[in-house]
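The block underneath contains the structure these notes are about, expressed in structure tokens.
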Amino acid sequence: MKNLHSLVYSVARAMYRQDPYKVTYAVTYQCNARCKICNIWKKYVQVPQKKAEELTLPEIGAIFSQFDLSWVSLTGGEPFLRDDLVDIVSAIEECSPHLSLLTIPTNGSLPETARRATESILEETRIQNVVVTVSVDGDELLHDELRGVPGLWKKARTLYHMLSSMENDRFSVLLEFTVSKHNAGYLDRAIRSFGADYSQVVITAAHSSYFYRTELHHLHNSSSAQQVSQFNASCPRYDPRSILSFLYTRLLEKYLKGTPVPLHCVSGRSSFFLDPYGVLYPCITMETPFGSLREDSLHNLLKGERASAIIHRIRDHKCPGCWTPCEAYQTIVENLPRAVIAACTR
């Protein structure tokens, strides 16, 4: 991120006011990939009529007007399959005067659509940090096998180079490598197949959750931690702009080795997950929702007994437990001294 100061100020302001500052919003569950490590794509294959229930643009504006966010992640499914994605971003910005970071992960299947949408977002909004992450799981053969779509690697590579050529101080594009037992030993090959280096990569791990509809024991073996260790040994260090990813990946390596992350999760208080139909969850891992923002206000959902029970469950470490970037980064921010100690302690 090139304009980190604006995000730091915005998040610090929200924390001082004890306001939520991040929402991960799945704009659609529609997906044109068929990934082995994620089953979101099955949702509309099995129940196609659910797509018609996704939030409309006026509903999105009404929901986000109840927040004053610093950070929004638009996920899916494949976010760029939503024709009104640019309008969604504009609607969110309009009611979020302190919005400083927008992140959009993509499978890279729609190069021209994604390029045009990204250019429009930069032209039509003033968000100081816009980040698109393009997924890569291996070299061409393995990537297409894991994503279940022939030719997807070529499209993702095309998009990455399209976006890399864009010159805008408010924009960054990164590769996202998701470790699992299925791509053991492919980290370096994946990065180099895109003509990139480690400074242009973020790494995460396949997770089991209600959101992904997967089981953890199907996703990992010892190779996953080994690949994260390789990444930690190879990526650039001591850049203050990357301190969060530095801490995240070191704690991810420990998590994959079976060491619990000793930080107090802030999901359900500082950050939330919003599904395509307006249902608000504490995070992408827990199946228990606060309720529907289509049917009730944010204030009411967060003040009831149900909300209190959810928050106590998280504080008592009775949630499923995870270390996914959707929840981890803000947890690091609010537990920074403890995160540094945990990451640097053997």
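Quick check, is Pro105 open to solvent by 30 Å² or more (accessible area, probe 1.4 Å) and over 23 Å from Val134 (Cβ atoms)?
Working: open to solvent by 30 Å² or more (accessible area, probe 1.4 Å): yes; over 23 Å from Val134 (Cβ atoms): no.
So Pro105 does not fit the description; no.
Here is a list of conditions, (1) within 19 Å of Pro282 (Cα to Cα); (2) without any contact (Cβ under 8 Å) to a residue 40 or more places away in the chain, and Leu74 meets all of them except one; can you say which number that is?
All conditions pass for Leu74, except number (2).
Of the numbered conditions (1) charged (D, E, K, R); (2) touching a residue at least 40 places away in the same chain (Cβ under 8 Å); (3) closer than 15 Å to Val27 by Cβ; (4) touching a Lys or Arg at 6+ places or on another chain (Cβ under 9 Å), Glu93 fails exactly one; give the number of that condition.
(2)
Which of the residues that make up the range 307-336 are within 25 Å of Val27 (Cα to Cα) and of a type in the set (D, E, K, R)?
Glu327
Which pairs turn up if I take residues in the range 183-196 that are farther than 14 Å from Asp144 by Cβ and among the β-branched types (Val, Ile, Thr) and look for partners that are open to solvent by 50 Å² or more (accessible area, probe 1.4 Å) and not in a helix (DSSP H, G or I) with beta carbon separation below 9 Å, at least 6 apart in sequence or on another chain?
Within 9 Å, the pairs are Ile191/Asp197.
Which one of these does Thr56 not meet: (1) more than 14 Å from Val130 (Cβ to Cβ); (2) polar (S, T, N, Q); (3) touching a residue at least 40 places away in the same chain (Cβ under 8 Å)?
In the conditions (1) more than 14 Å from Val130 (Cβ to Cβ); (2) polar (S, T, N, Q); (3) touching a residue at least 40 places away in the same chain (Cβ under 8 Å), Thr56 misses (3) alone.
Please determine, by comparing only the residues of the range 133-159 that are polar (S, T, N, Q) and free of Cβ contacts under 8 Å to residues at least 60 places away in the same chain, which one is surrounded by the most Cβ atoms within 10 Å (Cβ to Cβ).
Restricting to residues being polar (S, T, N, Q) and free of Cβ contacts under 8 Å to residues at least 60 places away in the same chain, the top hit is Ser135.
How many residues does the range 5-62 contain that are under 23 Å from Ser267 (Cβ atoms), hydrophobic (A, V, I, L, M, F, W, C) and loosely packed, with under 15 Cβ neighbours inside 10 Å?
Looking only at that region, the number is 2.
Can you tell me which condition Glu176 does not meet? The list is (1) more than 30 Å from Leu69 (Cα to Cα); (2) at pLDDT 95 or above; (3) surrounded by fewer than 21 Cβ atoms within 10 Å (Cβ to Cβ), and all the others hold.
So Glu176 meets the others, but not (1).
Give the range 186-211 a look and list any residue that's part of a loop (DSSP other than H, G, I, E, B) and open to solvent by less than 50 Å² (accessible area, probe 1.4 Å), or say none.
Residues satisfying the conditions are Phe194, Ala196, Ala206, His207, Ser208, Ser209, Phe211.
Considering only residues that are under 16 Å from Pro105 (Cβ atoms) and of a type in the set (Val, Ile, Thr), which ones fall in the range 150-188?
If the condition is that a residue be under 16 Å from Pro105 (Cβ atoms) and of a type in the set (Val, Ile, Thr), then Val173, Thr178, Val179 are the ones that fit.
The values are calculated or read from the model by the stated rules, or taken from the named source; none is laboratory data. Computed from a predicted model, the values in this text were never measured in an experiment. All Cβ positions, glycine included, derive from the backbone under ideal geometry; neighbour counts span all protein chains shown. Surface accessibility is based on the protein's heavy atoms, side chains included, excluding ligands, DNA and RNA. Shrake-Rupley method; radii C 1.70, N 1.55, O 1.52, S 1.80 Å.
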